[in-house]
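This report refers to the structure that appears directly beneath it.
The values are calculated or read from the model by the stated rules, or taken from the named source; none is laboratory data. These numbers were taken from a predicted model, which means no experiment stands behind them. Cβ placement follows ideal geometry from the backbone for every residue including glycine, while neighbour counts extend to all protein chains displayed. Remember, those area values only see protein heavy atoms, side chains included, never the ligands or the DNA or RNA. Shrake-Rupley method; radii C 1.70, N 1.55, O 1.52, S 1.80 Å.
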Amino acid sequence: MIKLFEYNWQVRNDWFDWCEMVSQEELMKQRIGGIGYILPTLYHIVAVEYGWICGGIQERQIDIPSFEEVASLQQIKEFSARCHTEVAPFVYAWDDSLEDRIMMDILDDGTQEAHPYGEVLRHVIAHEIHHIGQLSIWSREIGKEPVTANLIGRELFRI
């Protein structure tokens, strides 16, 4: 599971680099599907990972700024880096004894749902991969080559 987080973090940083070559207008142009915009999608990916792991599983008080507070590429990169410093230690400390521990999720209507930690972490991984697919489609729509989604060749599994 750690390798899939590392994969997502690499791909996310590659998308941040990709965004450097795209105008702010394109990053904020409304598109079909998902969040509907490139830059808010990257913000959403970071906020969801941070919220589930640090706020949910670790039950810490966290500060997730609104998109409007971090609406530039540079600010979202900084938000991502800040969140990463808090998320990564938990991910790297993961062991099988945490798999079935329960996190209580409080829904918008105030009800609670129980989720095993392992399920939550896998949801976070799949969530980012899902949105990365949307970014890939949008990049092709504007005539740009998307970031490669290939896991092979990223040197995550060194022999």
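Quick notes on this structure:
- Filter result for Ser80 (of a type in the set (S, T, N, Q), out of contact with any strand residue (DSSP E or B) (no Cβ under 6 Å at 6 or more places or on another chain), within 25 Å of Glu26 (Cα to Cα) and open to solvent by less than 30 Å² (accessible area, probe 1.4 Å)): yes
- Being modelled with pLDDT under 95 and out of contact with any strand residue (DSSP E or B) (no Cβ under 6 Å at 6 or more places or on another chain) is a condition met by no residue of segment 7-15.
- For segment 20-39, a tally of residues being open to solvent by less than 30 Å² (accessible area, probe 1.4 Å) and either of a type in the set (Val, Ile, Thr) or assigned to a loop (DSSP other than H, G, I, E, B) (or both) returns 4.
- Residue that is nearest to Ala114 (Cα to Cα) [pool: residues in segment 40-58 that are open to solvent by less than 10 Å² (accessible area, probe 1.4 Å) and of a type in the set (Ser, Thr, Tyr)]: Tyr50
- Selection status of Leu27, touching a residue at least 24 places away in the same chain (Cβ under 8 Å) and either more than 21 Å from Val147 (Cβ to Cβ) or in contact with a Leu (Cβ under 6 Å, 6 or more places away or on another chain) (or both): yes
- Residue list for segment 89-100, restricted to those being open to solvent by 90 Å² or more (accessible area, probe 1.4 Å) and touching a residue at least 24 places away in the same chain (Cβ under 8 Å): Tyr92
- Within segment 108-159, being part of a loop (DSSP other than H, G, I, E, B), surrounded by 13 or more Cβ atoms within 10 Å (Cβ to Cβ) and of a type in the set (Lys, Arg) holds for Lys144, Arg154.
- Condition check for Asp105: touching a residue at least 40 places away in the same chain (Cβ under 8 Å) and either more than 19 Å from Ile45 (Cβ to Cβ) or of a type in the set (Asp, Glu) (or both): yes
- Test for Gly118: is it over 20 Å from Trp9 (Cα atoms) and either under 13 Å from the mean Cα position of the chain (by Cα) or of a type in the set (Gly, Ala, Ser) (or both): no
- Some residue of segment 59-76 being more than 26 Å from Asp14 (Cβ to Cβ), touching a residue at least 60 places away in the same chain (Cβ under 8 Å), part of a helix (DSSP H, G or I) and open to solvent by less than 20 Å² (accessible area, probe 1.4 Å): no
- Looking across Tyr50, Tyr7, Tyr43, one residue alone is under 13 Å from the mean Cα position of the chain (by Cα), of a type in the set (Ser, Thr, Tyr) and more than 22 Å from Pro146 (Cβ to Cβ). It is Tyr50.
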